[in-house]
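A.B. asks: One structure coming up, written as structure tokens, with questions to follow.
The values are calculated or read from the model by the stated rules, or taken from the named source; none is laboratory data. Just so it is clear, the model here is predicted, and its values are computed rather than measured. Cβ placement follows ideal geometry from the backbone for every residue including glycine, while neighbour counts extend to all protein chains displayed. When the accessible area is computed, the model is the full protein with side chains, heavy atoms only, and any ligands, DNA or RNA have been set aside. Shrake-Rupley method; radii C 1.70, N 1.55, O 1.52, S 1.80 Å.
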Amino acid sequence: MSRGKLKLIATESGQQLGLEISKILKSPLAKTKVIHFADGESDTILLESVREQDVYIISQKDLTTHTSPIEQYENLKNTIYTTLSAKAKHVSVIIPLMPMARAHKAKQRQGIQLVRIAKEIVCAGAQQIITVDIHNSTSIGYFNGKGDNLNSYS
């Protein structure tokens, strides 16, 4: 399958990891802008074209920023949607630390939060989700065939 030219995008929380990946691949990060509204919502703006390109969105839970993990997750979904609206050919998401990955089984009368997260990322339009050392490797099944769990050990 022929895919488009590679384009790397880092969410606000994924900037450091994005820069490291960018250096290794010798491919610059796409320029983006995130607008934060007073009510806590945000919007992602692409400052360059991703039309017909193979886009990798890099996100990372970052506890050192002014935004909460939930805001960071919403920023990821906004970025996926914006990228697809800009006519990217293929969108992959790299999330080394998957949100809610430890919530992979139900106890008593509670939902499985990882199922919700997986569905939301897929519904936002991600065609592939790459994570590292997910808490329970069978949880990758929640991503409907679109998830890949990489192991940091051999």
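A.B. asks: Under a 1.4 Å probe, what is the accessible area of the range 1-83 per residue, stated in Å²? Spell out each step's value before the answer.
C.D. replies: Values: 4990 Å² over 83 residues.
Roughly 60 Å² per residue, with all protein chains present.
A.B. asks: Okay, moving on. Residue by residue through the range 47-61, what is 3J(HN,Hα) from phi via Karplus (6.51 cos²θ - 1.76 cosθ + 1.60, θ = phi - 60°)? Round to whole Hz and write x for glycine and proline.
C.D. replies: Couplings: 9, 8, 6, 10, 3, 6, 10, 8, 9, 10, 9, 9, 10, 8, 5 Hz.
A.B. asks: Follow-up. Rounded to the nearest 0.05, what FRET efficiency do ASP148 and PHE37 have when you use their Cβ-Cβ distance and R0 = 35 Å? Before the final figure, lay out each step's value.
C.D. replies: Working: r = 34 Å, r/R0 = 0.96.
About 0.55, to the nearest 0.05.
A.B. asks: Further question on the same structure: Quick check: with the 1.4 Å probe, what order do HIS90, HIS36 take by accessible area, largest first?
C.D. replies: On the way: HIS90 25, HIS36 85 Å².
So the residues, ranked largest to smallest area, are HIS36, HIS90.
A.B. asks: Let me ask something else about it. So how much slack lies between GLU52 and VAL132, counting 0.36 nm per residue of separation and subtracting their Cα-Cα distance, in nm?
C.D. replies: Working: separation 80, 0.36 × 80 = 28.80 nm, distance 2.73 nm.
That works out to 26.1 nm of additional length.
A.B. asks: A further question on this structure: Taking every DSSP beta bridge with both residues inside the range 1-92, roughly what % is antiparallel (nearest 5)?
C.D. replies: Once the DSSP bridges in the range 1-92 are tallied, antiparallel ones form about 35 percent.
A.B. asks: Another question, then. Quick check for me: using +1 on Lys/Arg Cβ and -1 on Asp/Glu Cβ, what's the dipole size of the range 1-64 about its Cα centre, in debye to the nearest 20? Don't skip to the answer; put the middle values down first.
C.D. replies: On the way: 9 positive and 9 negative charges, 91 e Å.
Computed charge dipole of the range 1-64: roughly 440 debye.
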